[in-house]
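We did not get these values from a lab; they are worked out from the coordinates using the rules stated. This structure is a prediction, so every number in the text was calculated from the model and none was measured. Neighbour counts are summed over all protein chains in view; Cβ atoms, including those assigned to glycine, are modelled from backbone coordinates with ideal geometry.
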There are 2 protein chains.
Amino acid sequence: MYGEIITIGDELISGRVVDLNAWYAAGRLTAAGLKVNRVTTVGDDQESISKALQKALSESQFVIITGGLGSTDDDITNEIAASALHRPLCLDEEMYEHIKEYAAVRGLKMSRAFEKMAWMPEDAKILCPTEEVCGFSLVENKVRLYFLPGVPEQMRFLMDKVVLPDLLLHGKAPSRLPHRVLKLYGLDEPSLAEKLSDLPGKSGDIILGFYPRFPENHITLSLRGDDRSSTAGDLDGMEREIRSRVGSFIFATGDQTMEGVVGERLLQQKLMLSVAESCTGGLIGNLLTNVPGSSAYFLGGVVVYSNQAKIDLLGVSRRTLDTHGAVSDEAAAEMAAGVRRVLKADLGLSVTGIAGPDGGTPEKPVGTVHIGLARGDKAFSGKYRFWGNREQNKLNSAMMALDWVRRYLHGDSFLPGL
Amino acid sequence: MYGEIITIGDELISGRVVDLNAWYAAGRLTAAGLKVNRVTTVGDDQESISKALQKALSESQFVIITGGLGSTDDDITNEIAASALHRPLCLDEEMYEHIKEYAAVRGLKMSRAFEKMAWMPEDAKILCPTEEVCGFSLVENKVRLYFLPGVPEQMRFLMDKVVLPDLLLHGKAPSRLPHRVLKLYGLDEPSLAEKLSDLPGKSGDIILGFYPRFPENHITLSLRGDDRSSTAGDLDGMEREIRSRVGSFIFATGDQTMEGVVGERLLQQKLMLSVAESCTGGLIGNLLTNVPGSSAYFLGGVVVYSNQAKIDLLGVSRRTLDTHGAVSDEAAAEMAAGVRRVLKADLGLSVTGIAGPDGGTPEKPVGTVHIGLARGDKAFSGKYRFWGNREQNKLNSAMMALDWVRRYLHGDSFLPGL
């Protein structure tokens, strides 16, 4: 089955917003074995939307349309769809009740803005009427049309829960192509390319993809589309070969994240973590606590931006700060030991550095970061130099700190140069 | 002048890569006062590219095409452009010499793959022959076509240095359209629509746009393209009207962020902030420290995930935790007062809540969040209910907490229900 994606919004064609809806829909459709032939993005105007819709109807088996379903005046997709498909706009009782209930639960007044969302093209079917988010589907000349909200969270929810199952039910069930993703951290792209330059069978049936996803590098392995002479077993062989060359940099596979992998290992080994952050400003704690259930292994932390806070909250010695500075192996080690002690944790992790754009010196340029890790009465620390802007340096610092914990718990070396 | 963007690549329509080239080109063109009518994305196949090109030629004054100019076998844009425009493919001597030089500098052998890049449609003009990155332009039936590489850095370079100046030189120099963005937080979209439903002059010369950008809502004001009867003064009037209705929810304009605005106010009023985070896990500190120079007003904070940490680090009383629970107005107030005291700050800000997906109870369901703010010996706190997933609840909590500081420093009411 093949089809296309239409994304609607002035914010998209004016470049104010990156079109993550098209990206998400394309990725999910492709992963499900469905083919996307085209993505068309148009603004919030009747003529452009109508033309895009007509063209898609004549060339596709399915069309995913996102945007313009909301309650504000520039949300005109319902009307345009009705007009382009020559169907009247009807008040959908089910949708109306659904919206009324939604408003009631939140203590909101049912208004004309709300009611507007319940007027849909004739014979449109609500998607997922039991949930808060709504969209609708239509079948026109055997083409399946799915109208989804532009709000990314809602669009993603409906895409996964309703649109894909519906398409797979009605389309010919495609055989899913074996595909896997290896995620690496800490190895730059040219070095990675060099290490994998003479992989056996590269030009054969297995397609290797390399995707820098800052600060990670992802390697994808997949089998060529129609070739059935290769199997998942061949992917296993290729993955083994890659792991033998760059295995220690592979921190996760598939949908796993660094913070998720670190959390799993802490849980397995029944260890409680605490974090002392300076230049990362809370980013490490934020990442760790994005994982549901992280309170089982994350006790908390301190964000110590000033020297005084490092002394008062963590017991870092003034002498260390005076002699070596706050950005030093010595300070990182004392911060890690301090936060472990203060929070009564098994492990103390620390980061101190210069995120930039200001604050660098010839000896300690922007991007200089020290990481510390303490357990029992031992504390390790090490120095890195990152090369990005402020947010990139923060992200690299947080990732490297988490990677220390991952490597430490795995028994791998984690100090720079080891 | 109006036109469109065509981005080419299997990696785009399969969702492996986010289409940042379309986003960048659209943003730059719009900022230069040129209108983008459509973005079309197709895969690396002859028929799709050819069709997209033909359609663009018949409906645009300019077309930006990115991708497929490289040396590998899937780079077929040159051939397809020649065929679609009925022009022979010719070896361009200038391009050939350019590529030869490029290879020589890098110690690479001139190969057929390299030579391929020098075959271009007849009368194509190299873009920027003095630089390493190449693309070409063509004029067909008065439509200006620009073919750019898909590598983002190269595409951006050529877009800024060559394409935009060329378009502005040949097109009617557009007067930049007045445009502004108002950012709101804390007002749901239907209520916003309701409050602005009868704005004067809405159907006239000023275009209003509404964009939910979770958890914010953005309103854009712009003047209709060719209408010169309206001026920036009319935008001022409209902005005043909007502010009179929803002004206290407008936290920023243009490129400003909540954390940036809060930072500016703290700096102006010479106040130092400290933060005690529970369910946000470090997100508030992370946002605050994304702003360069934030150490001038942000002292740091604590992430207290466990009750014991709230007691040990912030001096929250066990009795409060036993009587009211960690998620309560009382705990929030003590956390705010505690972090202010411990970090010797002017202001203490706190968040405690249930981000989910687990941990909710009938009395305190997932999404229940208390915020506290302390100054001197006073501490305020208030309760909210958010309706998202874990990350959304964290983000809403962080935004609401920062919005308290913004409103407090502005002398606005900030407690729920005030």
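Data table
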quantity: Selected from B:Ser278, B:Ser58, B:Ser397 as most flexible by GNM, with chain B as the system and alpha-carbon contacts under 10 Å; calculated: B:Ser58
quantity: Compactness of chain A as Cα Rg over 2.2 N^0.38 Å, two decimals; calculated: 1.21
quantity: Protection-proxy order for peptides A:260-268, B:253-261, each taking the mean of Cβ atoms within 10 Å per residue, highest first; calculated: A:260-268, B:253-261
quantity: Between 0 and 90°, nearest 10: helix B:93-105 axis offset from chain B longest Cα axis; calculated: 50
quantity: Between 0 and 90°, nearest 10: helix B:232-246 axis offset from chain B longest Cα axis; calculated: 30
quantity: Ascending list, in nanometres, of distances separating the B:Pro357 label from those of the other copies (7 Å, Cα toward Cβ); calculated: 4.2
quantity: Local electrostatic count at B:Asp19 - Lys and Arg +1, Asp and Glu -1, tallied over other residues with Cβ under 12 Å; calculated: -1
quantity: Inter-copy label distances at B:Glu153 (7 Å, Cα→Cβ; nm, one decimal); calculated: 3.6
quantity: Theoretical ellipticity at 222 nm over chain B - DSSP helices of four or more residues, -39500 (n - 2.57) apiece, nearest 500; calculated: -11000 deg cm²/dmol
quantity: Partner chain coverage, peptide A:306-314 - average Cβ within 10 angstrom; calculated: 4
quantity: Most mobile of B:Leu167, B:Leu187, B:Leu20 in a GNM of chain B (Cα contacts under 10 Å); calculated: B:Leu20
quantity: Amide proton proximity set for B:Ala276, modelled H, under 5 Å, gap of 5+; calculated: B:Val302, B:Leu349, B:Ser350, B:Val351
quantity: When each of A:Lys270/A:Lys310; A:Lys55/A:Lys116; B:Lys195/B:Lys364; A:Lys100/A:Lys161 is checked by Cα-Cα distance, pairs over 25 Å; calculated: A:Lys270/A:Lys310; A:Lys55/A:Lys116; B:Lys195/B:Lys364
quantity: Longest to shortest principal axis, alpha-carbon extents of segment B:301-418, angstrom; calculated: 35, 32, 22
quantity: Shielding by other protein chains, A:25-35, mean Cβ within 10 Å; calculated: 3
quantity: Where labels lie 7 Å past Cα in the beta-carbon direction, separation of A:Phe214 and A:Ala103 in nm; calculated: 4.4
quantity: Residue order, fewest to most surrounding Cβ atoms within 10 angstrom, among B:Leu182, A:Leu29; calculated: B:Leu182, A:Leu29
quantity: Geometric extent, Cα atoms of segment B:2-170 - Rg, Dmax (angstrom); calculated: 15.0, 45
quantity: Table column - 3J(HN,Hα) (Hz), segment A:44-59, Karplus curve with 6.51, -1.76, 1.60, x for Gly and Pro; calculated: 7, 10, 3, 5, 5, 5, 4, 5, 4, 5, 4, 5, 5, 4, 7, 10
quantity: Translational diffusion of segment A:246-303, µm² s⁻¹ [Kirkwood Rh, Cα pairs; Stokes-Einstein; 4 °C; 1.567 mPa s]; calculated: 107
quantity: Principal-axis tilt of helix B:258-268 within chain B, Cα atoms, nearest 10 degrees; calculated: 60
quantity: Charge dipole (debye, nearest 20) of segment A:2-170; +1 at Cβ of Lys and Arg, -1 at Cβ of Asp and Glu; calculated: 460
quantity: Inter-copy label distances at A:Asp45 (7 Å, Cα→Cβ; nm, one decimal); calculated: 3.2
quantity: Built amide H within the under 5 Å cut-off of B:Phe298, gap 5+; calculated: B:Leu273
quantity: For B:Glu140, residues with placed amide H under 5 Å, excluding near neighbours; calculated: B:Leu145
quantity: Cleavage-rule hits (GluC sites (Glu not before Pro)) in segment B:297-380: DSSP loop, at most 16 neighbouring Cβ within 10 angstrom; calculated: B:Glu363
quantity: For the protein assembly as shown: Kirkwood Rh in Å [reciprocal of mean 1/r, alpha carbons]; calculated: 29.2
